[in-house]
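Working notes, beginning with the structure itself.
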Amino acid sequence: MRASRYFMPTLREVPAEAELISHQLLLRGGFIRKQAAGVYVYLPLGWRVIRKIEQIVREETDRIGGIELFMPALVPQELLDETGRSGLDILFRLKDRHGRPFTLGFTHEEIITDIVRHAVSSYRQMPLLLYQIQTKFRDEPRPRGGVIRAREFLMYDAYSFDVDEEAMERAYQAVRDAYLRMFHRMGLPTIIVEAEAGAIGGGRNEEYMVVAEGGEDKVLQCDTCGYGANAERCELPDPNLVPPPINTVPPAQKVATPNARTVQEVTAFLNTTADRLVKTLLMRVDGKPAAAMVRGDRELNPYKLMHALNGESVEMMDASSIEQLTGAPVGFSGPVGLPPDLPLLADYELKGLQDFITGANEADAHLVHVCWGRDFPEPQWADLRVAEAGDRCPRCPTGTLREVRGIEVGHIFQLGVKYSRAMNALFTDAQGNLKPILMGCYGLGVSRCLAAIAEAHHDEHGIRFPITVAPFEVILILVNPEDGKQRETAEQLYSALLQQGVEVLYDDRDERSGVKFKDADLIGIPIQVVVGRAVQDGQVEVRLRADKSPQRLAIANAPAHVLALIDDLKRELEPAR
RNA sequence: CGGGGCGUAGCGCAGCAUGGUUAGCGCGCCUGCUUUGGGUGCAGGAGGUCCCCGGUUCGAAUCCGGGCGCCCCGACCA
């Protein structure tokens with residue numbers, strides 16, 4: 001490709017809207033352009049990268065027996081009614097001319113299950129692994145980071161169908177390994193962590209995280225055993241604390257705390273510390289009220305409360321319901337005097353705490369010297385708080401958790417019969433029994449990978465693409481187009497490389513050399529071939545974007561050398577191929 | 001949805017508190033010359049519904065009201 005005839009609008013200055021380095025570089029390098037919040041154009045360079053990512057995921061899925069298909073982006077709402085997901089607020093909704101409600105697909109479990117329930121009826125037709133690469137639409141409350149969290153984005157999603165638990169587990173493992181190969185081939189270093197299932201639901205599920213400063217997920221990792229989990233999932237062990245004696249604790253006493261609602265305000269007012277305070281949070285699990293207690297300096301993990309009560313959804317109770325239930329405005333809730341039928345749960349940690357401060361369930365008042373088992377019934381103990389760096393590992397005796405940030409590039413789930421049961425996707429087994437199909441679903445953010453790659457591979461000059469996903473393998477830089485000898489050499493090398501099947505971007509533009517070098521570094525093509533003044537000595541320079549150390553070569557040897565370099569770079573990421 | 005910030009040429013910004021020439025600067029773009037190994041120098045030029053609607057005023061980019069859009073933090077999120 002001749003750069004003079006190509007479309008690569010690079011930007012010299014950093015667009016004000018971009019915060020993340022990957023976002024800045026992708027905008028500046030002419031890979032993407034914003035159309036609206038969370039809606040992006042993929043410019044030619046960006047689209048070439050996307051197509052390479054797609055190719056890798058196709059090859060690796062095909063290798064484990066996956067079969068590609070293509071589902072509609074336009075999804076009839078009634079299909080989502082079957083699984084109760086038509087009310088989700090991330091759905092884009094529209095109506096056709098007859099007023100029939102549609103949504104834009106945010107994920108495709110219902111569609112694929114619908115196809116399979118009509119076409120699969122026997123155990124002989126499984127196992128089955130179907131996948132697609134599709135545009136997904138999610139009306140995110142807050143798009144951010146460019147294509148990291150977009151409202152319209154490209155996603156690969158695969159779905160497995162099996163006859164029993166073991167077969168489902170085998171399919172899950174096969175995809176799990178295939179994902180590792182995909183990310184490795186893309187040059188994305190990932191870690192696998194346990195995760196929450198969110199709107200997809202189901203059982204076991206894991207996320208693939210690219211560790212990056214700009215990542216939006218908090219990930220906790222054990223320094224000893226390798227356990228890793230998303231912070232919204234990460235379990236904590238029961239420290240089995242011994243309750244301190246309460247015979248010397250003075251009776252609970254009400255104190256006035258005018259306008260002191262937050263932990264910070266209360267501790268300041270009572271001149272104490274947050275770990276002497278117990279927060280009581282009123283929540284709804286599956287719509288039913290529940291109270292959860294954590295220490296004042298901790299954070300409640302709502303999912304943990306949901307799991308403790310075997311629920312499927314959780315939300316904070318709204319202010320007026322709280323007032324109705326406790327008799328006090330938000331900020332003054334406490335465990336003393338709550339309705340006896342209200343489930344009351346407390347984090348394990350509180351087992352070792354007595355003589356604490358809580359809300360009094362009365363406006364502008366708190367209680368001091370509160371003890372559980374004395375002033376209110378012993379609560380149900382559970383793991384309820386959000387894990388933090390420094391906490392003990394839940395999987396091994398000596399490990400400590402540390403915290404990193406990650407970009408979630410993949411998420412795999414064992415769905416079990418959640419969708420097949422709801423949608424009546426049944427099959428007949430060898431014994432003639434009618435059973436629901438066991439499903440798994442496996443998502444990979446294709447467009448998000450583009451951003452993750454830029455986030456993981458860049459320096460102060462620009463992106464440094466791994467060769468497997470680079471928009472071109474080689475950039476051929478003609479330093480001075482006015483120089484006949486240089487031009488002639490560059491043209492000759494260009495044809496030679498093309499003939500060898502090399503993907504080469506030939507920068508023949510009538511630009512200053514400085515512009516070309518800056519652009520080459522910015523767009524990150526891994527191999528740079530510079531045709532400059534060295535042609536006088538019959539030489540050109542070859543250098544890697546990654547280390548920049550130039551190597552001078554006789555012009556005649558350059559194509560073979562470049563070919564060998566490409567091979568080397570590819571072998572690092574695709575050893576088996 | 002809560003808090004904060006922003007909206008002026010393709011991009012980055014100034015001007016706005018105190019209303020008043022023809023709305024300005026840098027980059028980019030066009031023309032000519034120059035230069036040719038890291039965003040070259042000189043000269044000339046084009047490009048603006050100052051986000052939108054309404055109001056105040058002799059006069060609004062500037063003041064007031066309403067709306068829309070965008071970014072960041074939080075809530076939320078596969």
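The values are calculated or read from the model by the stated rules, or taken from the named source; none is laboratory data. Everything numeric in this text was worked out from a predicted model, so none of it was measured. As a convention, Cβ positions derive from the backbone with ideal geometry for all residues, glycine included, and neighbour counts pool all protein chains shown.
Select from segment A:233-264 the residues that are within 16 Å of RNA strand B (Cβ to nearest atom) and farther than 23 Å from residue A:330 by Cβ and list them in ascending order.
A:233, A:234
If you check residue A:409 against the conditions, is it closer than 30 Å to residue A:20 by Cα and of a type in the set (A, V, I, L, M, F, W, C)?
Yes; evaluated as a whole, the condition is true for this residue.
Can you spot a residue in segment A:473-488 that is under 39 Å from the mean Cα position of the chain (by Cα) and of a type in the set (S, T, N, Q)?
The answer is no, given that none of the residues of segment A:473-488 is under 39 Å from the mean Cα position of the chain (by Cα) and of a type in the set (S, T, N, Q).
So, in segment A:372-386, how many residues would count as being touching a residue at least 24 places away in the same chain (Cβ under 8 Å) and farther than 22 Å from residue A:331 by Cβ?
Selection size over segment A:372-386: 7.
In the set A:44, A:101, which member is at pLDDT below 95 and on the phi < 0 side of the Ramachandran plot?
Of the residues listed, the single one that is at pLDDT below 95 and on the phi < 0 side of the Ramachandran plot is A:101.
Can you name every residue in segment A:541-568 that is among the charged types (D, E, K, R) and either touching a residue at least 12 places away in the same chain (Cβ under 8 Å) or part of a helix (DSSP H, G or I) (or both)?
Passing the criteria: A:541, A:543, A:545, A:552, A:567, A:568.
Only one residue in A:306, A:283, A:316, A:293 is surrounded by fewer than 19 Cβ atoms within 10 Å (Cβ to Cβ) and either within 23 Å of residue A:195 (Cα to Cα) or of a type outside the set (Val, Ile, Thr) (or both), so which one is that?
Within the list A:306, A:283, A:316, A:293, the selection yields A:316.
Can you say whether residue A:510 is under 22 Å from residue A:568 (Cβ atoms), within 16 Å of RNA strand B (Cβ to nearest atom) and surrounded by fewer than 16 Cβ atoms within 10 Å (Cβ to Cβ), as far as the supplied structure shows?
Answer is no for this residue.
State all residues of segment A:521-543 that are within 8 Å of RNA strand B (Cβ to nearest atom) and closer than 21 Å to residue A:568 by Cα; if no residue qualifies, say none.
A:521, A:528, A:530, A:540, A:541, A:543
Going by the conditions given, is residue A:110 within 25 Å of residue A:468 (Cβ to Cβ), within 23 Å of the chain's Cα centre (by Cα) and assigned by TED's automatic domain parsing to the domain that holds residue A:184?
Working: within 25 Å of residue A:468 (Cβ to Cβ): no; within 23 Å of the chain's Cα centre (by Cα): yes; assigned by TED's automatic domain parsing to the domain that holds residue A:184: yes.
For residue A:110, the condition - within 25 Å of residue A:468 (Cβ to Cβ), within 23 Å of the chain's Cα centre (by Cα) and assigned by TED's automatic domain parsing to the domain that holds residue A:184 - is not met.
Pick from segment A:80-104 the residues that are within 16 Å of RNA strand B (Cβ to nearest atom) and touching a Lys or Arg at 6+ places or on another chain (Cβ under 6 Å): which of them is farthest from residue A:200 (Cα to Cα)?
A:103
If you take the residues of segment A:144-166 that are surrounded by 17 or more Cβ atoms within 10 Å (Cβ to Cβ) and over 22 Å from residue A:450 (Cβ atoms), which of them is farthest from RNA strand B (Cβ to nearest atom)?
Across segment A:144-166, the extreme among qualifying residues is A:163.
Is it true that some residue in segment A:116-136 is at pLDDT 95 or above, of a type in the set (Phe, Trp, Tyr), in the same structural domain as residue A:198 (by TED's automatic domain parsing) and buried (at least 18 other Cβ atoms within 10 Å of the Cβ)?
Among the residues of segment A:116-136, at least one is at pLDDT 95 or above, of a type in the set (Phe, Trp, Tyr), in the same structural domain as residue A:198 (by TED's automatic domain parsing) and buried (at least 18 other Cβ atoms within 10 Å of the Cβ), which makes the answer yes.
Conditions: (1) within 13 Å of RNA strand B (Cβ to nearest atom); (2) not in a loop (DSSP other than H, G, I, E, B). Residue A:141 meets all but one. Number of the miss?
Status for residue A:141: all satisfied but (2).
Going through segment A:458-468 one residue at a time, which ones are closer than 20 Å to residue A:181 by Cα, in contact with a Lys or Arg (Cβ under 7 Å, 6 or more places away or on another chain) and surrounded by fewer than 24 Cβ atoms within 10 Å (Cβ to Cβ)?
A:468
Pairs, please: C-beta under 8 Å, at least 6 apart or cross-chain, first residue within 19 Å of residue A:514 (Cβ to Cβ) and polar (S, T, N, Q) and in segment A:10-39, second part of a helix (DSSP H, G or I) and more than 6 Å from RNA strand B (Cβ to nearest atom)?
Once the first residue is within 19 Å of residue A:514 (Cβ to Cβ) and polar (S, T, N, Q) and sits in segment A:10-39, its partners that are part of a helix (DSSP H, G or I) and more than 6 Å from RNA strand B (Cβ to nearest atom) give A:10/A:28; A:10/A:523.
Looking only at segment A:549-562, count every residue that is hydrophobic (A, V, I, L, M, F, W, C) and crowded, with 16+ Cβ neighbours inside 10 Å and tell me the total.
Residues flagged as hydrophobic (A, V, I, L, M, F, W, C) and crowded, with 16+ Cβ neighbours inside 10 Å within segment A:549-562 amount to 4.
State the number of residues belonging to segment A:183-202 that are touching a residue at least 60 places away in the same chain (Cβ under 8 Å) and within 13 Å of RNA strand B (Cβ to nearest atom).
Of the residues in that region, 8 qualify.
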